[in-house]
Structures are given as C-alpha cells and as structure tokens.
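The values are calculated or read from the model by the stated rules, or taken from the named source; none is laboratory data. Keep in mind it's a predicted model, so treat the numbers as computed, not measured. Using ideal geometry, Cβ is built from the backbone for each residue, glycine included, and neighbour counts are taken over all protein chains shown.
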C-alpha cells in the first residue's frame, strides 16, 4: 500500500508485520496510527457543518462532529469526530480578537477549520484535532437554510397567522401528531395521566425522520382536521424526541409551516430538546422545550382554571356564611324580645302575638333553610366543576387494548377487550354485544 511521506524503513517493517497474519489489538492499532500519521503528516483544511457540540467545562476542551453539508436537511454523507483543546481554543480566540471578531462555535453552522489527525491506539478511536479557524469563511448550512425560510415565510405572514388564535383555558381535548410508540408519545401521555385531569387524546401518527417527514406530518394534521372529532379539538401538539440536528432538520420544510398556518386550532410544537429549533417552532402558536414540557403546558392551563373555580367557591362560602349567621342572630334576638313583650300583655292579645311570633319564627326558619340550601347547591355546583372529581360524579373513561379513548359505542365491536376507569378502580371488560 503506497503511503505519502512514508520512509522506506517503515514501509518494509509495516509490510513484514502485516505478513505475520496474526497480531494483538494494540499492535494493529499502533500500525494503523503509524500509517495514518504518515499519510497526513501536516495540518490540513477541512470544512463541514458543526453538529453535536458539547463543552467539557472541567478542562475547557470542546468536542463536536463535523458533517458534510446536506441540502434541505437531508442526512449528511459523512461525519467525523472533532476535538478543540483548551490551549488551541485560546490561540484561535486571540486571533479572532485581533480581527475584531468573536470566536464562538455554534451547531448548524458551516465552518472551515485547520486540523490534524488523531488516533488513540488503546481504543481504536479516530478523530481530528482543530488547530485553526478560517474567520473569513461563510458557507451554506442547515441553520442558514432555516433562517432563509423563516425570513421568507415571515414576509408572507405565514408564521404570524396561527399566533392570532386564543389559547384555550381548558385544553382537555388534544390532537397529537407524533411517531407511534415513541418515547415522545409515552412521555406526553404519561404527564397528562399523572395530572388526574380528564384529558382526551386523539393521536394521528406520522414519520418523524427521513424524506417522508413533511408529507407524513402534513397528512396527519389534515387527517385530524377532516376527522369527526375535529370540532371537539381544543389544541394540537406536534412532537418528537431529541436527535441530531440532521435528524431534526427534516422538519425545516415550508409545507409543514404552511399547513400549520391554515389550521383552526393553536399548535404546540415540541420537537427535540430545549436547544433545538426547527421551522414548526416558528410557525406554531406555542413552542415547548420537550414532549413532557408540552404536556405540562396543557396541565398548567387546566390547573389554573381548577384553582380559579375553587377560589370562587371558597369566596362564595366566605361571603355568605357571615351574613347567614348575622341574620340568624337578628331573628333570635327579635324572638326573645317578642317573648318578653308577650308576658306583659293580656292573655287574648298574648295568644294572638304568640301566633304571630310563631309564624314569624317559622318564616324566618324557612328563609334560613332556603338560604342554607342555596349555599349548599352553590358549593356542590362549584365542587362538581372541579376536574379532579369528575370521575366521582359518575364519569367513566373507556379505552381499548391499545389505550385509545372511546367516545361512542360505535368505536368498539363484539370481542373487544376494554378498560373502564371509574371511581374506585379499573374494570377489564369483554364486549359481548353492542346495543
């Protein structure tokens, strides 16, 4: 195998070694390292898109991947691990300062760097070590592509359209677009269930990575819009879990943004993690950091209404109770005064006054009874509207074997096994007949 820059003595020793046909892992890795270092004895320039950036604060080193640019968020042809050690970073930052610039690596930016090869023979790990940075280089990348899309759609008013919709105070009926069986779906549903509020979720599944992403997501949203329960939907959540920037870049398609802008409900976008931004985040009514955060937004909204109703109930009780006690005290005082007066009157007039006093006492008692009953009704009405107690009022939640909520008897058929949640526990039932 010809190797650029390799000396003849090395070539012979390497060839003789390989003809042994048996060697240890360390011997193999050490030879690969010698071949690699001989093939790339000097620093070289390489350009690509920064992804997977992470900083090690304890030593000041920075690690990332460099990927070949890919159009419209497609999978990159190749990636390579990179390291920027603290000492080299200081030199590069100083050079940037002399040029009146600030050195700051960012995900999804295309860069041109000077590097050397590095191979750890004990682990067989290959990476390149960044030694310099081309401050004058400006390439096209996924971040630039996203920025251009945002600018274009903002100019058309597409990204502002759905923001005009009010966010519902009680978003209990939710449309969900995600990947079936994904961690994002599980985290979202689990957070809603743990709240104990009576959420209903209508899921439509889509491909969340790859060439079919845009078509699949738009189709799922359209399916919710055309479904028989579309009029009941309060909010729609579009979510997937974390991934590399190239994985998430599949969402940077203007077809998704244009579809979102035409929908009649507020959309919550929860794609990736907190540091990740995609086009739906700009087009949606609300951006959530994670799938769990998206569910928490809905739970918090319902909890706010719950607390408001409870507060109103407490206010009603607090406002009426003292007044009722005061009226009772007044009536008791009047009754005592009448009894005292009656003793000093002739028997005939006393009997008449006793009758009048009895009627007054009876009427007063009735009035108090009616007032107390009305107050009890108000308390009961407030208590009934508490979502925590809806199950205790006779509500039941029916799900099929896959956990999907059923609204009508037509959603089941003979032989289905259903789960019925109600106060006191859950029943497992078998459908024998539908009437």
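Observations on the structure shown:
Table: residues versus (1) in a helix (DSSP H, G or I); (2) crowded, with 19+ Cβ neighbours inside 10 Å.
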residue: 104; (1), (2): no, no
residue: 131; (1), (2): no, no
residue: 135; (1), (2): no, no
residue: 154; (1), (2): yes, no
residue: 168; (1), (2): no, no
residue: 181; (1), (2): no, no
residue: 186; (1), (2): yes, no
residue: 202; (1), (2): no, yes
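- The residues of region 138-170 that are at pLDDT below 80 and in contact with a strand residue (DSSP E or B) (Cβ under 7 Å, 6 or more places away or on another chain), listed by number, are 139, 140, 141, 142, 162.
- Residue among 256, 271, 260 that alone is in contact with a strand residue (DSSP E or B) (Cβ under 9 Å, 6 or more places away or on another chain), buried (at least 18 other Cβ atoms within 10 Å of the Cβ) and farther than 25 Å from residue 199 by Cα: 256
- Look at (1) under 24 Å from residue 106 (Cα atoms); (2) touching a strand residue (DSSP E or B) at 6+ places or on another chain (Cβ under 7 Å); (3) surrounded by fewer than 17 Cβ atoms within 10 Å (Cβ to Cβ) and you find that residue 281 fails only one, number (3).
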